[in-house]
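Accompanying notes for the structure given below.
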Amino acid sequence: MHRFANPTQFMRIANAIYPWVAGLAVILFVVGLPIALVTSPPDYQQGQTVRIMYIHVSSAWLMMMIYGIVAGGSAAFLIWRHPMANLVAKASAPMGAIFTGLALITGMLWGQPMWGTFWVWDARLTSTLILFFLYLGYIALNDAFEDSERGDRAAAILALVGSVNLPIIHFSVEWWNTLHQPSIMKLSGDGVKSSVDGAILLPLFLMMGAFTMYYLAVLVLRLRSELLAAKIRNARMSQVAVDAAVGQPAE
Amino acid sequence: MSVFTSILARDLRLAIRQSADSLTVVAFFAIATVLFPFGVGPEANVLARIAGGVVWVTALLAALLSLDRLFTVDFEDGTLDQLVLSGEPLSFIVLGKVVAHWLTTGVPLIIMSPILAVTLHLPAEGYLPLMLALLLGTPTVSLVGAVGAALVLGTRRGGVLLSLLVLPLYIPVLIFGTAAVEAALTGVSATPMLSVLGGFAVLALTLCPWATAAALRQAVE
């Protein structure tokens, strides 16, 4: 594991897997999207709107997986000062926020035809919304400092505090929801579950795989650009130092 | 342990000498609550329905405002560096400061809450659960808030950022705090909700001072 603390080592592997994950993402999207959006059968209850699920569930899957990666990377960074773990967490967080946003938006668009309203204070919607705010807090804290290293460590602590709180928030919201809202939501929530058969499962898995590969590919790109940005920063700094030493104004 | 009591005594003395700070928080609590009748109308039954939740939400916001000064002054004048370097367990120092914060903001909010609940026509059986819920919930608010306050030390827009970090983490406390009042109003026992709030407080007591200490350490490094 400590071998990968070296950016060069780490990026050698990341660059090696990049063509594979990027290629797989393209293939899975090319195969999965037509099946999911055109050829798969409409649901007997929900009709064509069930197709929103392929985007919605895939986004929801990624939003949870990425929070796990952010929390795990933050823990590795705080415990072992593992710089690449932090970089992975930092590069993943905005994507996690975007997929959480996508899950919320597609959920709302799905909710309108199914439940007759864009938003209900359903337990899952509410905890997703809170997760979205946790992501925003992590991102905001990360770039709130002049000294980027402080931002890294503060955000890492926040990610861990958030991951301890997530289950508490989730169960509180679930409990609160059952107190306030009887079972309207459960019906369609389980409706999806019970009607899952192969014809729907296959495109769903294809789309989840496509989303995951897409995330990994973009993650490698983001890591690359983060490291390049750090290199440019260092080069600029040493250029300024050289200019100062020679006595020329740094232009 | 002696470091805990001396920090507690110091912060209390400071708070008493600058009592305007605590009073401002209570005043904010009052004015924010008083805005609600203007927002939703003066009908007694509407206000009675929302009274518990309104008092809880405004209490959370008032506590949030007061968190800003929990570590900032010590951070700016260098006291915090001395405390971190002192070699005493930092989590006890944090605990001392948090208890002082709770005594100077949480307790005034609890004392003020029934007065504000009267203006919102909270039915009589709701007062005791409301105060008990605040008594059990505000320590968690101070403890979790301390983590956030330590994390934003030295940022450019600390206050706004703090609310983004801390408010999502307050949601469980808010849920069970208002549920306790609601339960009492519908004639159900409020004890389960209060027990959960107590559980949150114990959990926060064990984890938050530690997380706050870690956050402070990286802030002064």
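Would you confirm, using the coordinates I've provided, whether A:ALA89 is among the small types (Gly, Ala, Ser) and within 27 Å of A:ALA159 (Cα to Cα)? Criteria met by A:ALA89.
From the list B:LEU153, B:LEU132, pick out the single residue that is out of contact with any His (no Cβ under 8 Å at 6 or more places or on another chain), assigned to a helix (DSSP H, G or I) and of a type in the set (A, V, I, L, M).
Of B:LEU153, B:LEU132, the one residue that is out of contact with any His (no Cβ under 8 Å at 6 or more places or on another chain), assigned to a helix (DSSP H, G or I) and of a type in the set (A, V, I, L, M) is B:LEU132.
Only residues that are outside any helix (DSSP H, G or I), closer than 25 Å to A:GLY151 by Cα and among the small types (Gly, Ala, Ser) were counted in region B:164-221, giving 0. One residue is enough: does region B:127-138 have a residue meeting the conditions crowded, with 23+ Cβ neighbours inside 10 Å, of a type outside the set (Phe, Trp, Tyr) and within 13 Å of another protein chain (Cβ to nearest Cβ)? There is at least one residue in region B:127-138 that is crowded, with 23+ Cβ neighbours inside 10 Å, of a type outside the set (Phe, Trp, Tyr) and within 13 Å of another protein chain (Cβ to nearest Cβ). Every condition in (1) within 14 Å of another protein chain (Cβ to nearest Cβ); (2) at pLDDT 85 or above; (3) within 21 Å of the chain's Cα centre (by Cα) is met by A:HIS170 except one, and the failing one is (2). Being farther than 23 Å from B:CYS208 by Cα, at pLDDT 90 or above and more than 20 Å from the chain's Cα centre (by Cα) is a property that holds for B:GLY39. Being in a helix (DSSP H, G or I) and in contact with a Leu (Cβ under 8 Å, 6 or more places away or on another chain) holds for only one residue in B:ILE115, B:ILE93, B:ILE111, and it is B:ILE93. Among the residues of region B:1-36, those that are aromatic (Phe, Trp, Tyr) and under 17 Å from the mean Cα position of the chain (by Cα) comprise B:PHE28, B:PHE29.
Taking the numbered list (1) farther than 30 Å from A:ALA156 by Cβ; (2) touching a Gly at 6+ places or on another chain (Cβ under 9 Å) in turn, B:SER189 passes all entries but (2). Just one of the listed residues (A:ILE69, A:ILE105) is free of Cβ contacts under 8 Å to residues at least 40 places away in the same chain and in contact with a Ser or Thr (Cβ under 8 Å, 6 or more places away or on another chain), namely A:ILE69.
Would you check if A:LEU104 is farther than 17 Å from A:GLY68 by Cα and in a helix (DSSP H, G or I)? Answer is yes for this residue. With respect to the conditions (1) in a loop (DSSP other than H, G, I, E, B); (2) modelled with pLDDT under 85; (3) at the interface with chain B (Cβ under 10 Å from one of its Cβ atoms), A:ASN177 falls short on a single one, namely (1). Counting only residues that are in contact (Cβ under 8 Å) with a residue 60 or more places away in the chain and at positive phi, region B:2-56 holds 0 of them. Taking the criterion of being acidic (Asp, Glu) and either within 11 Å of chain B (Cβ to nearest Cβ) or under 15 Å from B:LEU165 (Cα atoms) (or both), the residues of region A:109-160 that qualify are A:ASP143, A:GLU146, A:ASP147, A:GLU149, A:ASP152. The residues on offer are A:ALA156, A:ALA144, A:ALA103, and the sole one that is aliphatic (A, V, I, L, M) and over 17 Å from the mean Cα position of the chain (by Cα) is A:ALA144. Name the residue that is farthest from B:GLY177 (Cα to Cα), counting only residues in region B:200-213 that are out of contact with any helix residue (DSSP H, G or I) (no Cβ under 6 Å at 6 or more places or on another chain) and at the interface with chain A (Cβ under 10 Å from one of its Cβ atoms). By that ranking, first place goes to B:LEU207. Restricted to region A:201-220, and to residues there that are under 26 Å from A:PRO41 (Cβ atoms) and not aliphatic (A, V, I, L, M), the residue that is farthest from the chain's Cα centre (by Cα) is A:PRO203.
Exactly one residue among B:SER142, B:SER189 is away from chain A (no Cβ under 11 Å), more than 15 Å from B:LEU60 (Cβ to Cβ) and of a type in the set (Ser, Thr, Tyr), and that residue is B:SER189.
Out of A:MET95, A:MET114, one residue alone is hydrophobic (A, V, I, L, M, F, W, C), part of a helix (DSSP H, G or I) and at pLDDT below 90. It is A:MET114. Figure legend. Inter-residue proximity from region B:149-166: first residues touching a residue at least 12 places away in the same chain (Cβ under 8 Å) and facing another protein chain (nearest Cβ under 7 Å), second residues surrounded by fewer than 22 Cβ atoms within 10 Å (Cβ to Cβ) and among the basic types (Lys, Arg), beta-carbon distance below 9 Å, spacing 6+ or different chains. Indicated pairs: B:GLY154/A:ARG150. Scan region B:186-221 for residues that are within 15 Å of the chain's Cα centre (by Cα) and aromatic (Phe, Trp, Tyr) and the total you get is 1.
The values are calculated or read from the model by the stated rules, or taken from the named source; none is laboratory data. Owing to the predicted nature of the structure, the values given are computational and were not obtained by experimental measurement. Note that each Cβ is placed from the backbone with ideal geometry, even for glycine, and that neighbours are counted across all protein chains shown.
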